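S.K.: Handing you this structure, nothing more for now.
Coordinate-derived values only; no laboratory data. Not measured: the values here are computed from a predicted model. Cβ: placed from backbone, ideal geometry, glycine included. Neighbour counts: every protein chain shown.
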Amino acid sequence: MASTDIDNFEPDVIICGGGTAACIIAGRLARGNPTLNVLLIEAGENSYLVPEVIQPGSYLHQQSGSRLKNYPSIPSEHLRGKSIVVPQGHGLGGGSAVNFLMYTRASASDFDDWQTPGWTYSDLLPLLKKLETCYFSSGLTHGTWGPIAVSYGGESEANIVRDSKAAVKAIGYDYVQDAQDMNTGNAYSRWAKYVDPVSGHRQDTSHRYLHPLLASGKPNIKVLYSTQVTRILLDSSNTAVGVECVPSHSNAFSSSTPPPPKTILAKKLVIASCGSIATPGLLERSGIGRKEVLEKAGIEHLVDLPGVGENYQDHNLIFNTYEVEEKVDTHDAFFLKTSSILCSAESDFKQGKGKYATNFVDFAGKIRPTEEAVSKMGAFKHQWESYYKNKPDKPVVLQAIVNCLLGDHSKFPQGMKFISYGNYTAYAASRGSVHVMGKNVYEAPRFDSGYLSAPEDLPMLVWGYKQGREVCRRMRCIVGEIPELNPPFDSQSKAAAQRHFERGDGWDVDKVQNIEYSEEDEKVIEEWIRENVRTAWHPLGTCAMRAKEQGGVVDKDLRVYGTSNLMVADMSICPENVGSNTNNTAMLVGEKAAVLAARFLGVEID
């Protein structure tokens, strides 16, 4: 679709990376300014009309494919020696082309907490509305004419929707129509998706912002695929004047020596948008970062910014698994690529319906503990008082049901049906870091996830696990727990996993009693979490937008301190976390960066 012949193309703007935010920036700038030449350089492949990309239901089939790059962390004592692997998008559209498609927005107070002029909730709401067309809610905080369609998708599971609603009400939580109004922090809801309700297509930013321009043959926008930027070129005054790049080494790390780099000059602006793990490395290989890190890596130190690669944040995720009744239409057979199911799904998808037109997630929640629960949450209590208590829009954990087993089906009898119940911390207190080890762009960075290093984080996940368990015990369509995919309680414990829930003829959802946990049970849950916690794919913070003396890397206009003509625009700029899946915020960063870049360039965008 996009010509990779750039020998006679002189870019005004070079965007390093082709992810969620980058596609928005490139699309906005190129469409509104036909004389402005924009070059986007992407390490992965083209995504145009690739079935696995445009079909929402194929996201699980992409987990081991070429459109993800896995970043392994160093082993952690807090995880009993385990390493965390964080996948990142590796193809045009980045994470928006491979994620779970859950439409989840940040809380209003998240942006106000950044304390940055131009980035408050009231500043950003117009852009959040501008980017979307919302089909499931007419609320005033939603958009009605943007490029990204949001809907319930082409299929839902009625038993899950019905039973989850009854269950959460039975344990004292609200079930609301719209939990994404940016003010709701303690409720469950039917969950919307980044799916067009007519075509059934995934709403990734490459197809919604960039591919229409590339297909039209506009001469001012080009994409260079399968190419990694090794470094940004700075002149003697630390002005960004271009980049050096080499062919990508697939989606895997390697100790291979890259070939001689190609130099591409930018007339006006360079934007780093490689993601929260890769962008710090790009800056460091360019001579921007902490002196000690660069000297150890054998890189000339040009700009002293100790905050580069620090402040790594993520959402810490756990899943536990349940068996459901035969009547529940799960996606297990679809996930296993059962031929009859796939044929039916392909036919349905032509009408924008069926299993290819959904993400299997019909229920989720943003929830907070009661004061009574907080009193039993140990190290978290101080965090509650200082951070959460007076900000009711902030959830403590987010939960969701995925209507299938996220694991190895071969360990269970053929035909069994499952749901996976997920919990992740909305604002983990732990911090990590990511830094280059040398000049070689093919080599993996030294990545410390920081997971569970702050004592406040573990109690949140323990509470979330218990809360989710109480929801599932009250869902009539759930048969029982899968012991081997839940904490290994003693068989005599009151908390022991129940392979089959006891439900007689007089069973009443409102009369189910909560499980009582002993001190030993609590320890079992904690150990299970340390051994099973994983990433929610939501890294951010490593090039923080804050004052330089506070560890900041970019200013309010996303310009890198100590340089000229250089911006960063991806989730790495977020100084603090957001209580949501990060795709929506990444889109917001793209829209805001497009405005700021246009202002810097003296051009207009629509």
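S.K.: Cross-link candidates for residue 494: which lysines have Cα within less than 16 Å, leaving aside residues fewer than 8 places away along the same chain?
M.R.: Within reach: 466, 523.
S.K.: Let me ask another. Within segment 376-443, how many lysine pairs that are 8 or more places apart, or on different chains, have C-alpha atoms less than 28 Å apart?
M.R.: 6
S.K.: Okay, moving on. Can you give the Rg and Dmax of segment 39-79 based on its C-alpha atoms, in angstrom?
M.R.: 14.7, 44
S.K.: Another question, then. For residue 556, give me every one of the lysines with a C-alpha distance below 19 angstrom, ignoring sequence neighbours fewer than eight places off in its own chain.
M.R.: Hits, sequence-local ones excluded: 548, 592.
S.K.: Per DSSP helix of 4 or more residues, -39500 (n - 2.57); summed, then divided by the residues of the chain. What does that give at 222 nm, rounded to the nearest 500?
M.R.: Dividing the helical sum by the residues of the chain leaves -6500 deg cm²/dmol.
S.K.: Could you list 534, 546 in order of exposure, starting from the residue whose Cβ has the fewest other Cβ atoms within 10 Å?
M.R.: 534, 546
S.K.: While we're looking at this one, here's another question. Collect residues whose amide H, placed 1.01 Å from N in the peptide plane, falls under 5 Å from the amide H of residue 230; neighbours closer than 5 in sequence don't count.
M.R.: Result for residue 230 returns 244, 245, 246.
S.K.: Mind pulling the angle between the C-alpha long axis of helix 457-473 and the longest principal axis of the chain? Nearest 10 degrees, somewhere in 0 to 90.
M.R.: Roughly 50 degrees, rounded to the nearest 10.
S.K.: Under a no-solvent Debye model with one identical scatterer per Cα of the chain, what's log10 I(q)/I(0) at q = 0.05, 0.07 Å⁻¹?
M.R.: -0.21, -0.41
S.K.: List, largest first, the extents of the alpha carbons of segment 367-409 along their principal axes, each in whole Å.
M.R.: 43, 22, 15
S.K.: Something else now. For the chain, with the dipole built from +1 on Lys and Arg beta-carbon atoms and -1 on Asp and Glu ones, taken about the Cα centre, which of 495, 8, 172 lies farthest toward the positive end?
M.R.: 8
S.K.: Another question, then. Which order, highest average first, do 92-101, 595-604 follow once you tally other Cβ atoms within 10 Å for each residue and take the mean per peptide?
M.R.: Output ranking for 92-101, 595-604: 92-101, 595-604.
S.K.: Regarding segment 390-435, what is the average projected area of its C-alpha convex hull, in nm²?
M.R.: Convex hull of Cα atoms, orientation-averaged projection: 6.1 nm².
S.K.: Rounding to the nearest 10 and keeping the result within 0 to 90°, find how far the Cα-based axis of helix 20-32 lies from the longest principal axis of the chain.
M.R.: Helix 20-32 sits at roughly 50 degrees to that axis.
S.K.: Per the Kirkwood treatment, what hydrodynamic radius in Å, one decimal, follows for segment 8-83 from the mean inverse distance over all distinct Cα pairs?
M.R.: Taking the inverse mean of 1/r over all distinct Cα pairs, segment 8-83 comes out at 15.6 Å.
S.K.: Please sort by residue number the chymotrypsin sites (Phe, Trp or Tyr not before Pro) in segment 505-584 whose DSSP state is loop and whose Cβ has at most 15 other Cβ atoms within 10 Å.
M.R.: 507
S.K.: Quick one: divide the alpha-carbon radius of gyration of segment 81-202 by 2.2 N^0.38 Å and tell me what you get.
M.R.: Normalised Rg, Cα atoms only: 1.21.
S.K.: Provide the per-residue ³J(HN,Hα) series for segment 380-396, in order, calculated from phi with Karplus coefficients 6.51, -1.76, 1.60 and θ = phi - 60°, each as a whole number of Hz, with x at glycine and proline positions.
M.R.: Whole-Hz 3J(HN,Hα) from phi for segment 380-396: 6, 4, 5, 4, 4, 5, 8, 10, 9, 3, 9, 10, x, 7, 9, x, 8.
S.K.: Using θ = phi - 60° and the Karplus curve 6.51 cos²θ - 1.76 cosθ + 1.60, what whole-Hz ³J(HN,Hα) does each residue of segment 71-78 get, with Gly and Pro shown as x?
M.R.: Computed from phi, the couplings for segment 71-78 are 10, x, 8, 6, x, 10, 5, 6 Hz.
S.K.: Taking Cα atoms, how many degrees apart are the long axis of helix 519-532 and the longest axis of the chain, rounded to 10 and kept between 0 and 90?
M.R.: On a 0 to 90 degree scale, this one is about 40.
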